[in-house]
2 protein chains.
Amino acid sequence: MDRSSGRRRGSGRERRSVGAFSQMPWSPPSNPYAPLDVISADQVEAIHNASLEVLEKIGMDFLHPEAHDILRKAGVAVTPGSNRLRFDRGFIEEAVAKAPSEFVLHARNPAHHIPVGGNRMAICSVGSAPNVSDLEGGRRDGNAKDYDDLLRLTQIFNCVHVLAGYPVEPVDLPPETRHLDCLRSAAVLTDKFFHAYSLGRTRILDGIEIARIARGISEEQLSREPSLFSVVNTSSPLRLDNPMIEGCIEMARRNQPIAVTPFTLSGAMAPATIAGALVQQNAEALATIAFLQTVNPGTPCFYGGFTSNVDMKSGAPAFGTPEYAKAALAGGQLARRYRIPYRSSNVNASNCVDAQAAYESEMSIWAASLGHVNLMMHGAGWLEGGLTASFEKFVLDCELLQMMEAFLQPIVVDEDTLGFAAMADVGPGGHFFGTAHTLERYETAFYAPVLSDWRNFESWEEAGSEDATIRAHKLYRRLLAEFEPPPLDPAIKEELDAFVERRTREGGAKAA
Amino acid sequence: MDRSSGRRRGSGRERRSVGAFSQMPWSPPSNPYAPLDVISADQVEAIHNASLEVLEKIGMDFLHPEAHDILRKAGVAVTPGSNRLRFDRGFIEEAVAKAPSEFVLHARNPAHHIPVGGNRMAICSVGSAPNVSDLEGGRRDGNAKDYDDLLRLTQIFNCVHVLAGYPVEPVDLPPETRHLDCLRSAAVLTDKFFHAYSLGRTRILDGIEIARIARGISEEQLSREPSLFSVVNTSSPLRLDNPMIEGCIEMARRNQPIAVTPFTLSGAMAPATIAGALVQQNAEALATIAFLQTVNPGTPCFYGGFTSNVDMKSGAPAFGTPEYAKAALAGGQLARRYRIPYRSSNVNASNCVDAQAAYESEMSIWAASLGHVNLMMHGAGWLEGGLTASFEKFVLDCELLQMMEAFLQPIVVDEDTLGFAAMADVGPGGHFFGTAHTLERYETAFYAPVLSDWRNFESWEEAGSEDATIRAHKLYRRLLAEFEPPPLDPAIKEELDAFVERRTREGGAKAA
């Protein structure tokens, strides 16, 4: 039986080679298995204690006076003229304990709301790549057309739950008003939960307003319902920069979630040991989360882990390495210690969409999933250490993510699935193809891929010997051609356009 | 710093593009982490009980009268004129309990002995592919030259610990004497533990003799020291064929290890539910292991799991699927219930060495490793559902296997690695590249890949934009060009040659 014959007989080669597109339904997974612990409870405590010692004795630089004012009022000793803050362990522990363990991310489409915490897992699209690539156009600067197309893929794939930042930076849009255009696209082309950058006060306030308009809610309701999120990256080692601080203060004041993510690259911005990099990650994350809880107790936060290592021979950052995987799992253990939802990523350092891109991503996805990640950033489309958003990688990642989602559906063990009757029916030497037990399950028994090609060699060769990357290319082109934007209330669309027009007239971020 | 400059300045593009070859030392890993359980203890018991019910009420066909004689003497009821045997659960449980939990595989090079059991893990090369392929020569019938070359790769890579069957079937060698030539090559080109096929009495006895000669030991010592192994595949559902029975009886009589592996493809040779396929796998494995323990109590056995699923649309076998991964993990839980070492595999269904080959293999490797596999068959080189042994896939797999080996080395957490002094030294906003803490670890801090390319895009593009498959091709060609066979006592070589010559003159397997 030809694998595509049942659905689209006579369709062209492109359709035949990828099969009719069908995907898993929207269903952010819950991990039913125990997390994998790579360090002992004592070792978790050793990292915890060392990171508190770092914050007490070495301290951390907060490069904004407003942060100093806020923390001084909370009793943190501030030395005038210095950015350096040293934190008592009591202050850190008490403040961090105020971060909630669970919250809900509210999308403009309520079907796409995402409960966060516990064993639940949500997946994000790639964020913040300066370049974009596909097989046909090669690698190019980020631009508005590709930006929109990556938003469309984010909307199409059910296994991508969150739009986490600009998939690619559209440098052809003016920097002062880019955030307005980009976030309007996010609110129009997708109906999923999205993100705004904490790059100063103006941009984040514009982002919050666009999220509010898109959901058609009041400011008061927004402050009760997380409606967009932002990422705060520390400037490792042990520094938090001015624009990030401005942005995240406004987010915290409005109770909007923040993923706090130190970028602790072991051997470069962090010690050349995974234990040391984890200590620094933990110190930076705890100090930043404690700060946000001081701004507004109960602000939803993610504990972010992004510890990887450099290639010691070249200094190049490496991702999806064995060290990365161990750090991602240990990061989950630390996040669970503080009962704060965990953010990890799907990363790789390959320069093209090849076997390396796949295996480094699998290392990341397995580690994040077994570490009970709650928010997997860069889930689909990240290539080349984050320097490129790739269309083919987006499709490839969706296959990997769907497979993990299917893996996280537990084996059903009951009298019917144990299959005694089927085995008695077939008997030794028989075949299960035509049995009632099999036919009943024909449509739903097993995971159906979007990208994998399981035809025999001869059929595959006859159809053009297309590898997974070529198939991903054809699939993404077809999906974009067939894209229809999600429904949007015309009044909301009008309000969005009016807001963006007004803010553009005012000069966007320049007006600040 | 160019990644290859420190080692081979001025070498050609091929060397530059793959870097100087260095690999991890020989060190079959021990898994320090808890196994991942995908079913509960109650569900394990449900599968156990259902499989005993299958053996009691449906039974299993053993297609050889000698098996019936052996089992009749042990009290199993045998109906004259029927191949069907039905087993009391008491008989199965008592017999299976005789299988040892631990044993040692003895190679001709004692440095390559492999202790089996517990958390220990050994990796095998690809076995039994009818075709072979590489980028240059394409896909072709198995042949003696490629057979030898795949043996050479098996010997070269430290992360491959066992030669598990013919990597490819050399169909240009006469079938009657092929096993003699093949096993002599195994004993000469490698010094690792190897395998002979249980295809009738003659071939397996020749294999045992070649293993004995290669190790330079007596028959009596061989019967104390497992010196080669064989795989018994049941002919699922619920059947064990004649030549397999003949071979494994001889192996068991001489105390040589047997990996008992039902091929329970869910939806084809097993029920279309993973629970049902596991019941059948378990029934077939237990009956066969019980039989071997009846032949010779204490015979070393592996509990083999090979449950996967078909593509329901085409009937094509699929590998490395989510269902496969869950079955591999549940298989490990069953093997541990019986305290019998566990055999799983590294499988995929891709038709070429692409992203699909990598991600399906990663699904298999993670599942096997987290399931505490003791013997990972088809670890390196398996492609296309086992129909092809691929040279590039061999190299790719060695990267995946080394990465898993490095992942299984636990994070070291002590005062030095926690890195407080390094962080105090560098301080906020600094850099760890030049610190003493980093320089001390320059050579050993992180996993060094054999295949991954971490250069930046521009350097990679300038060097020819080679993807991982092209790099694997170049690396395998270079490694073969540099291959030197392991030392072998000339007296042993002479004895091997004399044995093979005599048996060839006698007609090989035809003489039986």
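The values are calculated or read from the model by the stated rules, or taken from the named source; none is laboratory data. Not measured: the values here are computed from a predicted model. Cβ atoms come from the backbone with ideal geometry, glycine included; neighbour counts cover every protein chain shown. Accessible surface is based on the protein model in full, side chains and every heavy atom, while ligands, DNA and RNA are left aside. Shrake-Rupley method; radii C 1.70, N 1.55, O 1.52, S 1.80 Å.
Structure notes:
- Pairs meeting the criteria (first residue in the stretch B:51-73 and within 14 Å of chain A (Cβ to nearest Cβ) and open to solvent by less than 20 Å² (accessible area, probe 1.4 Å), second residue part of a helix (DSSP H, G or I) and among the basic types (Lys, Arg), beta carbons under 6 Å, at least 6 apart or on different chains) are B:52/B:89.
- Sole residue being assigned to a loop (DSSP other than H, G, I, E, B) and on the phi > 0 side of the Ramachandran plot, chosen from B:430, B:464: B:464
- Selection from the stretch A:91-142 of residues that are among the acidic types (Asp, Glu) and assigned to a loop (DSSP other than H, G, I, E, B): A:102, A:136
- Subset of the stretch A:191-249 [of a type in the set (S, T, N, Q) and in a helix (DSSP H, G or I)]: A:202, A:221, A:223, A:242
- Looking across the stretch A:321-364 at every residue that is part of a loop (DSSP other than H, G, I, E, B) and under 15 Å from the mean Cα position of the chain (by Cα), the one that is surrounded by the fewest Cβ atoms within 10 Å (Cβ to Cβ) is identified as A:347.
- Leading residue by the ranking (farthest from the other protein chains (Cβ to nearest Cβ)) among those in the stretch B:433-450 that are over 26 Å from residue A:350 (Cβ atoms) and not in a helix (DSSP H, G or I): B:434
- Each residue in the stretch A:124-173 was checked for being out of contact with any Leu (no Cβ under 6 Å at 6 or more places or on another chain), open to solvent by 10 Å² or more (accessible area, probe 1.4 Å) and β-branched (Val, Ile, Thr), and 1 pass.
Matching residues to (1) under 21 Å from residue B:376 (Cα atoms); (2) facing chain A (nearest Cβ under 9 Å):
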| position | (1), (2) |
| --- | --- |
| B:267 | no, yes |
| B:270 | no, yes |
| B:273 | no, yes |
| B:279 | no, yes |
| B:284 | yes, no |
| B:288 | yes, no |
| B:293 | no, no |
| B:297 | no, no |
| B:306 | yes, no |
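- Considering residues of the stretch B:408-426 that are open to solvent by less than 50 Å² (accessible area, probe 1.4 Å), at the interface with chain A (Cβ under 7 Å from one of its Cβ atoms) and assigned to a loop (DSSP other than H, G, I, E, B) only, the residue nearest to residue B:369 (Cα to Cα): B:411
- All of B:147, B:166 fail the test of being within 29 Å of residue B:351 (Cβ to Cβ), touching a residue at least 12 places away in the same chain (Cβ under 8 Å) and part of a loop (DSSP other than H, G, I, E, B), apart from B:166.
- Taken over the stretch A:75-92, residues that are in contact (Cβ under 8 Å) with a residue 12 or more places away in the chain and exposed (fewer than 15 other Cβ atoms within 10 Å of the Cβ) amount to 2.
- Sole residue being open to solvent by 10 Å² or more (accessible area, probe 1.4 Å), farther than 13 Å from residue B:124 by Cα, at the interface with chain A (Cβ under 8 Å from one of its Cβ atoms) and within 18 Å of the chain's Cα centre (by Cα), chosen from B:370, B:396, B:387, B:400: B:387
- Apart from one condition, residue A:302 fits all of (1) without any contact (Cβ under 8 Å) to a residue 60 or more places away in the chain; (2) within 19 Å of the chain's Cα centre (by Cα); the exception is (1).
- Residue in the stretch A:179-201 that is modelled with pLDDT under 95, open to solvent by 10 Å² or more (accessible area, probe 1.4 Å) and hydrophobic (A, V, I, L, M, F, W, C) present: yes
- The stretch B:346-355: number of residues that are at the interface with chain A (Cβ under 7 Å from one of its Cβ atoms) and closer than 17 Å to residue B:309 by Cα: 1
- Failed item in (1) modelled with pLDDT under 95; (2) touching a Ser or Thr at 6+ places or on another chain (Cβ under 8 Å), with residue A:78 passing the rest: (2)
- Just one of the numbered conditions (1) in a helix (DSSP H, G or I); (2) surrounded by fewer than 24 Cβ atoms within 10 Å (Cβ to Cβ) is not true of residue A:314: (1).
- If the condition is being touching a strand residue (DSSP E or B) at 6+ places or on another chain (Cβ under 7 Å) and among the hydroxyl-bearing types (Ser, Thr, Tyr), then the stretch B:210-238 contributes B:230, B:234, B:236.
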